[in-house]
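Please read the structure below before turning to the comments.
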Amino acid sequence: MTKKWQKALDELRCSDVELQRELKTFSFNENVVVTGTKPLLFELNGEIFDVPLQTWRSLYIIFIATLYANKKYANKETQSAVKSVVRWSSKGEYLHNSPQKISRSFFIETKLSAAQIYAHVKKILEFCDISLEKVHVAYIGKDAVAQEKLVEILDSTETKEILISSQENRETSQKKETCSKDSSQEDFLLVPYKNILIEKFSSGYILGNIIQRNRFRHFYEELNGSQINLSDMELDNTIEMCGMVHDGRLYVIENLLDESTKVKLLEYIEEQLNLHPRLYLEILFERFADDFRGTAIESTDILKTYLQALPGFNYYINKDRVFRDESFRHVGSPKDEVKRLLEEERRPMSDDEIFKKLNWIPQQKILNAFTNCSNTQEILSNGDRSRFILETFDIAGDEIEWLSEWIKQELDNSDFIGSMDAVKALKSRYSDIAERNSGFRDLGIRNAIAVLLGDDFDFKGNLIVKKGKVISNEVLFKDFCESRESFTVDDIDLLADSLGVPAFYDVIYGNSFRLNERDFVQSVPKMDVDAIDDVIETFVRDKDFIPLKKIDFWGGFPVVRGNWNHFMLESFLWRCSKKFKLVHSNFSKTTYAGAIVRNNVTMNFEDVLVHALSEENFDAGRAKKFLKEEGYLAREKCSNIDSLLEKSLQLRTSRK
């Protein structure tokens with residue numbers, strides 16, 4: 001007990017003679033019954049708070065507001081702990097009974113019994129790792145007439161007889177025995193409530209739901225032969241004391257998992273935390289997916305709530321991870337673990353190898369680490385879905401100095417050079433560098449020297465330029481296409497991301513040939529252009545143009561590399577056809593659209609749209625939908641639709 005707390009108690013006793021006899025205190029490491037008491041003061045980490053109106057509701061509001069909104073205590077961890085225990089909403093009207101605003105988007109339900117508030121506060125303190133013995137409450141007892149209705153019911157001989165009778169006749173004696181282990185008055189009273197929840201609401205009881213509440217009353221009366229003498233609010237509060245609340249539903253903790261599964265789960269957590277600094281709930285859920293099947297534990301979120309509510313669970317949970325205690329929270333992040341593994345292996349490793357070695361970390365988190373670390377150059381790509389760290393690349397100081405001089409000399413005669421040319425020069429000059437770095441692909445070596453020489457030169461895509469020299473993105477994407485025999489849309493995305501610009505698909509289509517949705521090649525495949533034009537002619541017939549989408553049968557097309565598709569047709573029209581051309585708004589990564597127009601017809605894309613719309617009287621909305629459905633546009637977006645409709649009307653009028 002601190003001197004500050006003792007002084008506050010002394011001052012309180014001196015202010016009222018009656019308090020000298022009635023004032024009592026407790027700390028939250030004690031098991032106390034608070035029903036029927038009035039809190040006057042409480043102490044949190046040496047700070048003293050008065051309790052207005054001497055109600056547990058007032059204490060609850062002050063306590064939550066202090067931990068959630070007071071800068072001295074509030075952080076993401078304490079706020080998360082508070083939210084995991086209290087019934088809350090981002091808007092007050094979403095709460096059924098007595099909402100209290102704590103912050104702009106955080107409201108809590110405060111219509112709770114004293115016992116519930118005591119339990120909430122204690123659980124939050126435990127989750128926040130605040131010492132229970134350092135949090136004190138000074139209180140006095142209420143008059144007997146003010147005792148809560150639950151206590152009156154508990155003292156009823158009839159109620160006790162009902163409890164005993166119902167226990168003797170239960171078929172689920174094992175579950176009922178678990179519910180009645182605690183001999184305290186309140187837990188004894190909750191036995192029939194828990195039994196009904198276990199048997200009739202195994203998928204959870206929706207708090208505040210009228211239908212569920214009426215069903216509960218019906219089952220209670222059916223089982224016990226008498227009605228529940230509680231108001232709706234008192235009934236909901238009593239039911240909430242029977243277990244844990246997740247997403248507005250009350251679950252009896254003992255009923256979620258059988259004892260053997262619970263033991264197996266806790267043993268696995270202990271085993272994993274002996275091996276690793278953290279355990280991800282996602283991995284834990286996947287490991288026990290078969291055991292959870294058929295239970296209410298259907299997600300990592302409810303698994304987290306279950307573990308936090310489980311008596312005797314002594315580990316720390318932060319967001320989606322379990323730690324032995326809070327001191328491990330910043331140890332062993334996915335990025336750190338990937339870097340540690342690559343440093344230990346001293347070689348490039350495939351993604352699959354890394355996934356297998358770090359199987360206790362979710363794959364998506366490892367992939368996120370790859371992405372984040374590629375931006376910071378902490379983990380480098382070796383190509384073909386493999387990675388390494390710079391420290392494992394073996395190159396001497398004089399070797400990198402020679403390469404730097406070689407690049408400078410080359411750039412004196414050219415605006416840029418290919419980075420792979422630099423790799424070839426390095427390997428030619430130092431023949432043993434490949435032996436010393438077995439497993440390193442040319443792309444990996446290129447990425448390593450890009451970091452080592454990053455202060456001297458700019459590495460842009462596949463090119464090296466003088467530091468600070470501006471080179472157009474069109475040149476970079478053109479060189480990208482010309483420097484490789486084949487590539488994919490994923491490779492294009494990587495280049496665009498590294499340059500911080502959108503992919504220049506117009507440049508790419510002009511300097512490569514698209515085979516399908518995913519693959520490009522540098523050179524146009526061998527094909528019979530005249531024969532392909534003749535097949536297209538059978539679709540166009542006597543028209544000047546048709547939508548690209550109208551060609552929907554490929555059986556008559558000559559055999560080429562791969563299977564015919566609209567992406568390949570786009571490339572053929574753009575680069576090869578003698579009789580037809582493609583007009584459209586732009587090329588795209590995932591979609592195709594536009595029109596096939598005869599070469600001898602002088603129509604641009606706008607002309608095509610005007611002629612297409614002139615066949616019918618459209619409003620703007622229907623016009624955009626028509627152009628999308630016909631395949632002229634990839635999406636129902638057209639900024640100049642009003643102008644197109646006006647021109648189409650003029651064209652339609654001129655035909656009359």
* Give the number of residues within segment 79-114 that are surrounded by fewer than 21 Cβ atoms within 10 Å (Cβ to Cβ), part of a helix (DSSP H, G or I) and modelled with pLDDT of 75 or more. => 4
* **Failed item in (1) in contact with a helix residue (DSSP H, G or I) (Cβ under 9 Å, 6 or more places away or on another chain); (2) in a loop (DSSP other than H, G, I, E, B), with ASN314 passing the rest** => (1)
* To do: Counting only residues that are of a type outside the set (Lys, Arg) and modelled with pLDDT of 80 or more, give me the helices (runs of 4 or more DSSP H) lying completely in segment 1-78 with at least 3 of them.
  => 3-15, 56-69
* From SER483, SER498, which residue is in contact (Cβ under 8 Å) with a residue 40 or more places away in the chain and more than 13 Å from LYS589 (Cα to Cα)? -> SER483
* Asked: In segment 28-64, what count of residues is obtained for those that are surrounded by fewer than 20 Cβ atoms within 10 Å (Cβ to Cβ), closer than 19 Å to ARG13 by Cβ and of a type in the set (Asp, Glu)?
  -> 1
* If ASP384 satisfies every condition in (1) surrounded by 14 or more Cβ atoms within 10 Å (Cβ to Cβ); (2) within 42 Å of the chain's Cα centre (by Cα); (3) more than 30 Å from LEU275 (Cα to Cα) but one, which is the exception? -> (1)
* How many residues does segment 194-227 hold that are more than 15 Å from CYS242 (Cα to Cα) and of a type in the set (D, E, K, R)? -> 4
* If you scan segment 419-438, which residues turn out to be crowded, with 16+ Cβ neighbours inside 10 Å and part of a loop (DSSP other than H, G, I, E, B)? -> TYR430, ASN437
* Structure fact -> Conditions (1) among the hydrophobic types (A, V, I, L, M, F, W, C); (2) crowded, with 16+ Cβ neighbours inside 10 Å; (3) out of contact with any Lys or Arg (no Cβ under 7 Å at 6 or more places or on another chain); (4) part of a loop (DSSP other than H, G, I, E, B) -> ILE471 fails only (3)
* Any residue in segment 283-297 that's free of Cβ contacts under 8 Å to residues at least 24 places away in the same chain: show its pairings with residues that are assigned to a helix (DSSP H, G or I) and β-branched (Val, Ile, Thr) at Cβ separation under 6 Å, as long as the two are six or more apart or on different chains. => PHE285/THR300
* Pull up segment 250-294, narrow it to residues that are basic (Lys, Arg) and assigned to a helix (DSSP H, G or I), then point me to the one that is nearest to ALA309 (Cα to Cα). => LYS262
* Got a sec? Which of GLU282, GLU343 is among the acidic types (Asp, Glu) and over 23 Å from GLY204 (Cβ atoms)? -> GLU343
* Report the residue count in segment 618-652 for those that are aromatic (Phe, Trp, Tyr) and in contact with a strand residue (DSSP E or B) (Cβ under 9 Å, 6 or more places away or on another chain). => 1
* To do: Identify, from the list VAL560, VAL608, the residue that is closer than 29 Å to GLU646 by Cβ and of a type in the set (A, V, I, L, M).
  => VAL608
* Test for ALA425: is it farther than 27 Å from GLU517 by Cα and within 38 Å of the chain's Cα centre (by Cα) -> no
* Only residues that are surrounded by 12 or more Cβ atoms within 10 Å (Cβ to Cβ) and under 30 Å from THR488 (Cα atoms): list them for segment 607-645, please. => LEU627, LYS628, GLU629, GLU630, GLY631, TYR632, LEU633, ALA634, ARG635, GLU636, CYS638
* **Boolean, LYS339 is over 27 Å from THR78 (Cβ atoms), without any contact (Cβ under 8 Å) to a residue 12 or more places away in the chain and either touching a Lys or Arg at 6+ places or on another chain (Cβ under 9 Å) or not in a loop (DSSP other than H, G, I, E, B) (or both)** => no
* Residue that is outside any loop (DSSP other than H, G, I, E, B), at negative phi and at pLDDT 85 or above, where the choices are ILE297, ILE366 -> ILE366
* Do we have any residue at all in segment 372-389 that's at pLDDT 85 or above and in a helix (DSSP H, G or I)? -> no
* Asked: Restricting attention to segment 267-287, does a residue exist that is aromatic (Phe, Trp, Tyr) and surrounded by fewer than 18 Cβ atoms within 10 Å (Cβ to Cβ)?
  -> yes
* Tell me which residues, restricted to segment 356-365, are surrounded by 13 or more Cβ atoms within 10 Å (Cβ to Cβ) and either more than 23 Å from ALA448 (Cβ to Cβ) or touching an Asp or Glu at 6+ places or on another chain (Cβ under 8 Å) (or both). => LEU358, TRP360, ILE361, PRO362, GLN363, LYS365
* Answer yes or no: is there a residue in segment 393-408 that is within 27 Å of ALA496 (Cβ to Cβ), modelled with pLDDT under 90 and aromatic (Phe, Trp, Tyr). => no
* Would you please name the residue that is farthest from VAL137 (Cα to Cα), looking only at residues in segment 4-46 that are touching a residue at least 40 places away in the same chain (Cβ under 8 Å) and among the basic types (Lys, Arg)? => LYS4
* Kindly indicate whether any position in segment 478-499 is assigned to a strand (DSSP E or B), at pLDDT 90 or above and either surrounded by 16 or more Cβ atoms within 10 Å (Cβ to Cβ) or among the acidic types (Asp, Glu) (or both). => yes
* Are any residues in segment 607-621 under 44 Å from the mean Cα position of the chain (by Cα) and modelled with pLDDT of 90 or more, and if so, which ones? -> LEU609
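The values are calculated or read from the model by the stated rules, or taken from the named source; none is laboratory data. The structure presented is a predicted model; accordingly, all values stated were derived computationally and were not measured. Ideal geometry is used to build each Cβ from the backbone, glycine not excepted, and the neighbour counts take in all protein chains shown.
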